[in-house]
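Notes follow the structure.
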Amino acid sequence: MNPASIQFLDEHRHIYTTLMAAGIIKHLDMATRQRMVDIIRLEFAPNYISTLWCQPCVIDLVKFAYAQYDKWLAENTGDDAQ
């Protein structure tokens, strides 16, 4: 996996953690949303499509990104999610 993708996902894990704990996403700007889509397409699912202005779609985007990343971590580093 690209080191820049790993760094981005690690730095933004709090978004996923908050979503899973509180059921909300706060302060997720359009550039961050787009970067998550770009990473998903680069690393996990080349044909991934998401509507970035649709809140339920963004929730699905974040869940998908971190489900795939956590799977990658488990398979490649032996570590579980942080």
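Structure data summary
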| read-out | value |
| --- | --- |
| Test result for Tyr69, outside any helix (DSSP H, G or I), of a type outside the set (A, V, I, L, M) and surrounded by 12 or more Cβ atoms within 10 Å (Cβ to Cβ) | no |
| Within the range 38-82, tally of residues that are in contact with a Ser or Thr (Cβ under 8 Å, 6 or more places away or on another chain) and modelled with pLDDT under 95 | 0 |
| Single residue of the range 1-35 satisfying the filter (more than 21 Å from Pro46 (Cβ to Cβ) and β-branched (Val, Ile, Thr)) that is farthest from the chain's Cα centre (by Cα) | Ile24 |
| Residue ranges of helices (runs of 4 or more DSSP H) in the range 1-54 with at least 1 members among the acidic types (Asp, Glu) and surrounded by fewer than 12 Cβ atoms within 10 Å (Cβ to Cβ) | 3-11 |
| Test: residue in the range 14-35 that is of a type in the set (Lys, Arg) and closer than 17 Å to Lys71 by Cα | no |
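The values are calculated or read from the model by the stated rules, or taken from the named source; none is laboratory data. These numbers were taken from a predicted model, which means no experiment stands behind them. Heads up, the Cβs are rebuilt from the backbone with ideal geometry, glycines too, and the neighbour counts pull from every protein chain shown.
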